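Participant: Let me give you the structure first, and then I'll get to my questions.
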Amino acid sequence: MASNFTVVLFQRQHFGRVPGAFNDVEPDVPFAGQTQSFVFDCPNVQPGDAAFLMFQSRDVDHPRNVFEVNGVAVFGGLPVSPARDSWNGNILLIEPRHRLKATGNILRVESRDASGGASGSLDEFIIDNVVLVYKTPDAVTLPTVSGDLAAFLKTELLPSISSVKGSGASADPDDQHNEYVLPTASQLGAWRVVFRSLLAGAWGDADVQAKTVSSTYNVVRFLDVPSQHTYYVLMEGQPGRIPAPAPHASGVSIADPADGTRRGWGTYVFDPQPRRAVSLSAPHPHDDLDTAEQAADAYVGLRARTLLLAGTDRDQNTARASCEQSSRPYLEADVAHIAESVFQVAFEEIYASDLFTWHIQFHGNSTCDVDVFLSNGVIAGPALLQTLAANIRTASVAAAQGGPVLTVDVFDAAGDCVARGTDNMQMRFASGLPHGEICAAGHGPAAPSRFIHVEQRRDARRASTDPAATPGRNRDVVMAGILATFSGEAGFVDFARTASYSHQTN
């Protein structure tokens, strides 16, 4: 995305009650008094995107001073100065709630006393060189959509993926049409560039780059009406115009970017201003019933960083996956068990982009004795998994009000459930194995990581509105446990979203 800047203040200003208080270190600095408002413009601003304010300050004694943009306090306010004898450089986030506009924005600064009052011994401080950097529209005009993001994902996107009856060796051959197109090595290299652009917030660049790989892909700007929050969705087609799946022979690749055939490479959602350092993924839509819908609800409810949804049923193609096999078996459309996929590239780029985001992947099975089984792939896993397990239990008990609850366990002993994700390609990469080693048999997770493999029996995946669900046994309970783990909020949260969506293309 393009950017611009505006100079809000270019001359030093002394705030407080005592003119000349800085004559020993800053003689003749203009005296602003207790409060001043500075009007500034942001031509061609994108008000739904974040901006940042850079400025210098000197001798700010406490955090009780007023620092507002358009009547809304800037989070962090005027940072306290470590010493009077030096200038401090500051960068503060300006959020959509500040409602930046093309003209007539107001920065208000006011000196207060240490208790926040306006009549005591006011803080004496100086600010200077206030510059706001903001986003402007891309040269590329992105498709723009408004509606309910979770509703769109659940009611249009996921139903557009063909479902295969049966599972693994028992998959129905009449439903297997090889609709998943194998990406080439050069295409996967190009997708790495796309995801790096997305992670950098260069939405227009990512849109152009994606189309050089496949013209079916777009970066869609999606305004989620319930939250009034903007997301960016990398997807095939656009809402209301998703290309239909197409049958192929086994093992087909499509090299021509102009070919409009659906590839089945997945959907990837980015929040430019996430509230939680969490990334969610669902590699098995339809086959692991309700897990993709669960991920969609959780993503919006948690305001997580990214969401990765596979683009095909794992059993859609008939050929076997080339990586480590199991008795299931794994087929070549199963993105949790193939190394050379767009889904894997997306995961690797997102995982490697920071050192603090946790990655939660939803699965479903009936193998484990417990309802929810958490694994990090190694027995000595991070303590956070035990915290998450305890929070899910607590949320289940609180919601059940004496009724049935979810049972939860963590892989921490050799005799635990065998569904541990040790042959999962995302798990292996997160554990420290390089991409070239994740596919081979026996190359299990090397070390603890920020990846949480969540296996769930049917009740843990059900929507709370499912007639078969009970208050203490449904996916909202699992989400409440995640919320408590990553925000400290222990209360039950209902993530059900029912609003419709509409679409428009600019």
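The values are calculated or read from the model by the stated rules, or taken from the named source; none is laboratory data. Keep in mind that this is a model prediction, so the values were computed, not measured. Neighbour counts are summed over all protein chains in view; Cβ atoms, including those assigned to glycine, are modelled from backbone coordinates with ideal geometry. To get the accessible areas, we keep the full protein, side chains included, count just its heavy atoms, and leave off ligands, DNA and RNA. Shrake-Rupley method; radii C 1.70, N 1.55, O 1.52, S 1.80 Å.
Participant: Just a yes or no: is a residue in region 119-127 farther than 28 Å from residue 89 by Cβ and modelled with pLDDT under 95?
Facilitator: For region 119-127, residues farther than 28 Å from residue 89 by Cβ and modelled with pLDDT under 95: present.
Participant: What pairs come out if I take residues in region 400-423 that are closer than 15 Å to residue 477 by Cα and touching a residue at least 60 places away in the same chain (Cβ under 8 Å) and pair them with residues that are open to solvent by 40 Å² or more (accessible area, probe 1.4 Å) and in a loop (DSSP other than H, G, I, E, B) whose C-beta lies under 8 Å away, six or more apart or interchain?
Facilitator: 400/471; 401/471; 403/471
Participant: Would you confirm whether any residue within region 217-240 is acidic (Asp, Glu), closer than 23 Å to residue 283 by Cβ and surrounded by fewer than 17 Cβ atoms within 10 Å (Cβ to Cβ)? Quick ask: steps written out before the conclusion?
Facilitator: First pass over region 217-240, keeping only residues acidic (Asp, Glu): 224, 236.
Subset that is closer than 23 Å to residue 283 by Cβ: 236.
Retained after the next criterion (residues that are surrounded by fewer than 17 Cβ atoms within 10 Å (Cβ to Cβ)): none.
Within region 217-240, none of the residues are acidic (Asp, Glu), closer than 23 Å to residue 283 by Cβ and surrounded by fewer than 17 Cβ atoms within 10 Å (Cβ to Cβ).
Participant: Being in a loop (DSSP other than H, G, I, E, B) and buried (at least 21 other Cβ atoms within 10 Å of the Cβ) is the filter here, so list the residues in region 48-66 that pass it.
Facilitator: Result: 49, 59, 60, 65.
Participant: Which condition from (1) open to solvent by 40 Å² or more (accessible area, probe 1.4 Å); (2) farther than 25 Å from residue 448 by Cα is the one that residue 387 breaks?
Facilitator: Here residue 387 meets the rest and fails (2).
Participant: Six or more apart or on different chains, Cβ atoms under 6 Å: show the pairs whose first residue is in region 274-289 and β-branched (Val, Ile, Thr) and whose second is modelled with pLDDT under 95 and assigned to a loop (DSSP other than H, G, I, E, B).
Facilitator: Note: no pairs meet the criteria.
Participant: Would you pick out the residues in region 344-372 that are closer than 19 Å to residue 293 by Cα and out of contact with any helix residue (DSSP H, G or I) (no Cβ under 8 Å at 6 or more places or on another chain)?
Facilitator: Matches in region 344-372: 365 only.
Participant: Looking at region 338-361 only, could you name the residues that are among the charged types (D, E, K, R) and open to solvent by less than 10 Å² (accessible area, probe 1.4 Å)? Give the steps one after another, and end with the answer.
Facilitator: The first filter runs over region 338-361 and keeps only residues among the charged types (D, E, K, R), leaving 340, 348-349, 354.
Correct list: 348 only.
Participant: Taking region 164-176 as the region of interest, how many residues are open to solvent by 70 Å² or more (accessible area, probe 1.4 Å) and not aliphatic (A, V, I, L, M)?
Facilitator: Matching residues across region 164-176 total 4.
Participant: Spot the failing condition for residue 425; the list is (1) of a type outside the set (Ser, Thr, Tyr); (2) surrounded by fewer than 16 Cβ atoms within 10 Å (Cβ to Cβ); (3) over 27 Å from residue 484 (Cα atoms), and only one is missed.
Facilitator: With (1) of a type outside the set (Ser, Thr, Tyr); (2) surrounded by fewer than 16 Cβ atoms within 10 Å (Cβ to Cβ); (3) over 27 Å from residue 484 (Cα atoms) applied to residue 425, the lone miss is (2).
Participant: Pull up region 1-36, narrow it to residues that are over 44 Å from the mean Cα position of the chain (by Cα) and free of Cβ contacts under 8 Å to residues at least 40 places away in the same chain, then point me to the one that is most open to solvent (accessible area, probe 1.4 Å).
Facilitator: 28
Participant: Moving to a separate point now. Among the residues in region 87-107, are any open to solvent by less than 50 Å² (accessible area, probe 1.4 Å), touching a strand residue (DSSP E or B) at 6+ places or on another chain (Cβ under 9 Å), among the aromatic types (Phe, Trp, Tyr) and under 26 Å from residue 7 (Cβ atoms)?
Facilitator: No: zero hits.
Participant: Does region 313-332 contain at least one residue that is open to solvent by 10 Å² or more (accessible area, probe 1.4 Å), over 20 Å from residue 423 (Cβ atoms) and out of contact with any Gly (no Cβ under 6 Å at 6 or more places or on another chain)?
Facilitator: The answer is yes, given that some residue of region 313-332 is open to solvent by 10 Å² or more (accessible area, probe 1.4 Å), over 20 Å from residue 423 (Cβ atoms) and out of contact with any Gly (no Cβ under 6 Å at 6 or more places or on another chain).
Participant: Restricting attention to region 466-482, does a residue exist that is open to solvent by 30 Å² or more (accessible area, probe 1.4 Å), small (Gly, Ala, Ser) and under 17 Å from residue 290 (Cα atoms)?
Facilitator: Looking for residues that are open to solvent by 30 Å² or more (accessible area, probe 1.4 Å), small (Gly, Ala, Ser) and under 17 Å from residue 290 (Cα atoms), one finds at least one in region 466-482, hence yes.
Participant: Taking the stated definitions as given, is residue 470 over 21 Å from residue 325 (Cβ atoms) and β-branched (Val, Ile, Thr)?
Facilitator: Values: over 21 Å from residue 325 (Cβ atoms): yes; β-branched (Val, Ile, Thr): yes.
Here the answer is yes, as residue 470 does meet what is asked.
Participant: Let me ask something else about it. Hey, can you tell me all the residues within region 395-409 that are assigned to a loop (DSSP other than H, G, I, E, B), open to solvent by 30 Å² or more (accessible area, probe 1.4 Å) and closer than 14 Å to residue 454 by Cα?
Facilitator: Hit for region 395-409 is 407, nothing else.
Participant: Kindly list, by first and then second residue, each pair from a residue in region 126-152 that is without any contact (Cβ under 8 Å) to a residue 60 or more places away in the chain and under 25 Å from residue 300 (Cα atoms) to a residue that is hydroxyl-bearing (Ser, Thr, Tyr) and crowded, with 21+ Cβ neighbours inside 10 Å, limited to pairs with Cβ atoms under 6 Å and residues at least 6 apart or on different chains.
Facilitator: Every condition considered, no pair remains.
Participant: Which numbered condition in (1) within 25 Å of the chain's Cα centre (by Cα); (2) modelled with pLDDT of 95 or more; (3) surrounded by fewer than 16 Cβ atoms within 10 Å (Cβ to Cβ); (4) assigned to a loop (DSSP other than H, G, I, E, B) is the only one that residue 183 fails?
Facilitator: The number of the failed condition is (3).
Participant: Follow-up question, since we're still on this one. Could you tell me which of the residues 45, 80, 69, 39 is closer than 18 Å to residue 128 by Cα and open to solvent by less than 30 Å² (accessible area, probe 1.4 Å)?
Facilitator: The match here is 69.
Participant: Could you tell me which numbered condition residue 124 fails, if it satisfies all but one of (1) within 22 Å of the chain's Cα centre (by Cα); (2) open to solvent by 20 Å² or more (accessible area, probe 1.4 Å); (3) not basic (Lys, Arg)?
Facilitator: (1)
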